Amino acid sequence: MKSKLLALLRSQEDRISGETLRYRLNTSRVTIWNHIQKLQSLGYQIEASGKGYRLVSSPDTPYPFEFPDREDQIHYYPSIDSTMATAKQMARNGCPHFSVVIAEEQTRGKGRLKRTWFSDPGGLYFTIVLRPEIPVTQVMRYPFAASVVLCRTIRNAAGIDATIKWPNDILFGERKLSGMLCEMEAETEQVSFVNIGIGINVNNDPTPREPRACSLRTILGHPVGRVSLLREFLDAFDMTIQRLHPEAIMEEWKSASATLGKRVRIVTPQQATEGKAIDIDSNGNLVIEQENHHLETVFYGDCFEIPTENAR
Ligand code: BTN
């Protein structure tokens, strides 16, 4: 009801009468009034008078009813510990494919390699539950598809030259705009669910705690619509994975890559590998050519670019 009511209010520059709304939504005036009041309490500025209703402004909050085509799949929380934890519980309880858990802020946002992901209001923090019928060996195709689609979405929405750092960070120049986390559970080699968690610095300012990060607002000098950004990303990602073409995804990843061709150091808790990043394979593993021309394939780790003057 709220999504239809908002669509009608947005279709009209001027006031729309309660009678028209009642007729178009096939409900009572009291029901309309209750929904208007609820929307007002959520931050929608709606002028109400004897002549009808006029939507003055919307809060740019990703409420489920802002996604009319997938409203039932969207779960929005003003504040939770981590969308990864909530999504994992929902997935274990059998939630449908492409359920999305969104938080306005996270009190225990998780980053890769057990780091903290600071999640102040103004960013976008969400986890998508996927249920592809694939073997475990193909899981990494999904975060790579997500990073390619996200990079494209950010480029289109903000008009900036975003790039992808291996494996799935989105950068602007050297600074991190977005990070991605992937968790999965499987039964006898078959995937039960793959959860993809994405944090995008949109209108927050991450720099006090993460000096090497940036946000779309700090880059552009003005806020960027989070609801439209998320809507565009979800629609494009949903379409991409309905007919996933891993080769095309990897080609697009390569052309947006900030890593290939660079000298890099890949660090894991166990070891560090240095060399020139020359390729990624179809599963997203990075191929490094070491000093002695030996090719090393790395599966995970932190990727640091080695400045050319220090390269050996
Ligand atoms: C990284 O680059 O270290 C990965 C960051 C992933 C952050 C997102 S925000 C939404 C989801 N919930 C979390 O707790 N983490 C991921």
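Summary of computed values
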| item | result |
| --- | --- |
| Counted residues, the stretch 163-180 - those being of a type in the set (Ser, Thr, Tyr), farther than 15 Å from Asn204 by Cβ and near the ligand (Cβ under 10 Å from one of its atoms) | 0 |
| The stretch 10-43: number of residues that are open to solvent by less than 80 Å² (accessible area, probe 1.4 Å), within 17 Å of Tyr63 (Cβ to Cβ) and out of contact with any helix residue (DSSP H, G or I) (no Cβ under 8 Å at 6 or more places or on another chain) | 3 |
| Subset of the stretch 1-37 [charged (D, E, K, R), modelled with pLDDT of 90 or more and either in contact with a His (Cβ under 9 Å, 6 or more places away or on another chain) or not in a helix (DSSP H, G or I) (or both)] | Arg15 |
| Residue match in the stretch 149-162 (condition: more than 19 Å from Gly123 (Cβ to Cβ), out of contact with any helix residue (DSSP H, G or I) (no Cβ under 6 Å at 6 or more places or on another chain), within 11 Å of the ligand (Cβ to nearest atom) and of a type outside the set (S, T, N, Q)) | no |
| Filter result for the condition that a residue is touching a Phe, Trp or Tyr at 6+ places or on another chain (Cβ under 7 Å) and more than 9 Å from the ligand (Cβ to nearest atom), over Tyr76, Tyr142 | Tyr76 |
| Helices (runs of 4 or more DSSP H) contained entirely in the stretch 203-312, each with at least 1 residues that are free of Cβ contacts under 8 Å to residues at least 12 places away in the same chain and exposed (fewer than 15 other Cβ atoms within 10 Å of the Cβ) | 226-242, 246-255 |
| Filtered residue count, the stretch 146-167, keeping only those that are outside any loop (DSSP other than H, G, I, E, B), surrounded by fewer than 23 Cβ atoms within 10 Å (Cβ to Cβ) and aliphatic (A, V, I, L, M) | 3 |
| Counted residues, the stretch 67-117 - those being without any contact (Cβ under 8 Å) to a residue 40 or more places away in the chain and among the aliphatic types (A, V, I, L, M) | 6 |
| The stretch 179-193: number of residues that are open to solvent by 50 Å² or more (accessible area, probe 1.4 Å), modelled with pLDDT of 95 or more and of a type in the set (D, E, K, R) | 1 |
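The values are calculated or read from the model by the stated rules, or taken from the named source; none is laboratory data. These numbers come from a predicted model, not from an experiment. Glycine also receives a Cβ, built like all others from the backbone with ideal geometry; neighbour counts cover every protein chain displayed. Just so you know, the surface numbers come from the protein's heavy atoms only, side chains and all, with ligands and any DNA or RNA stripped out. Shrake-Rupley method; radii C 1.70, N 1.55, O 1.52, S 1.80 Å.
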